[in-house]
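A.B. asks: Let me give you the structure first, and then I'll get to my questions.
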Amino acid sequence: MRRRAARGSQLVESSIVLLVFMVVFVGILDMGQVMFLCNVLSDRVRTGARYAVVHTYNATNIQNVVAYNSSTPGTSGLFGITPSMVQVSHYDAGLSTERVQVSISTYTMHFLSPWLASSFTPGPFSAVMPMESGGAAQ
């Protein structure tokens, strides 16, 4: 009789430990996903700003570079980024303080775990760089 009770308690204890382990594991995956996508979005706006300062200013091309990694439109954006999520601002055109700002503020992440919010909007992610040649030969 004692042997049967021991097996039952082991099963209950194992299921509790497994449940706690799975909750922690999925939580770690969610936090890793958030950190990864934040890094990706920061990199995408820096890439767009860098493209803007070394090429002739064109907001559509900059949005395409951020979304598709190419100045021409593609079929699907990197990690679900679309050109409509990218805002491009050009300040002080023609002056020595000329600069460009590229930002993403409407990207939505979706979590793996069911007990967290189903989606999360991080950011905004922004990069500002001074204009260099603007694509013109000097």
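The values are calculated or read from the model by the stated rules, or taken from the named source; none is laboratory data. Source: prediction; values computed, not measured. Cβ: placed from backbone, ideal geometry, glycine included. Neighbour counts: every protein chain shown.
A.B. asks: Filter segment 82-124 down to residues that are loosely packed, with under 14 Cβ neighbours inside 10 Å, in contact (Cβ under 8 Å) with a residue 12 or more places away in the chain and in a strand (DSSP E or B), then give me how many there are.
C.D. replies: Total meeting the criteria: 1.
A.B. asks: Then there is this: In segment 59-81, which residues are without any contact (Cβ under 8 Å) to a residue 12 or more places away in the chain and not hydroxyl-bearing (S, T, Y)?
C.D. replies: Correct list: N61, P73, G74, G77.
A.B. asks: Sticking with this structure for a sec: Between residues in segment 15-27 that are closer than 23 Å to H110 by Cβ and residues that are modelled with pLDDT under 90 and assigned to a helix (DSSP H, G or I), which pairs lie under 7 Å by C-beta distance while being six or more apart or on different chains?
C.D. replies: none
A.B. asks: Just wondering, is there one or more residues in segment 52-62 that are under 19 Å from the mean Cα position of the chain (by Cα) and either at pLDDT below 95 or hydrophobic (A, V, I, L, M, F, W, C) (or both)?
C.D. replies: Taking every residue of segment 52-62 in turn, at least one turns out to be under 19 Å from the mean Cα position of the chain (by Cα) and either at pLDDT below 95 or hydrophobic (A, V, I, L, M, F, W, C) (or both).
A.B. asks: Let me ask another. When you scan segment 98-125, how many residues do you find that are at pLDDT 85 or above and either hydroxyl-bearing (S, T, Y) or under 24 Å from A52 (Cβ atoms) (or both)?
C.D. replies: Here the count works out to 13.
A.B. asks: It is to be established whether one or more residues within segment 74-81 are closer than 20 Å to P124 by Cβ and in contact with a Leu (Cβ under 7 Å, 6 or more places away or on another chain).
C.D. replies: yes
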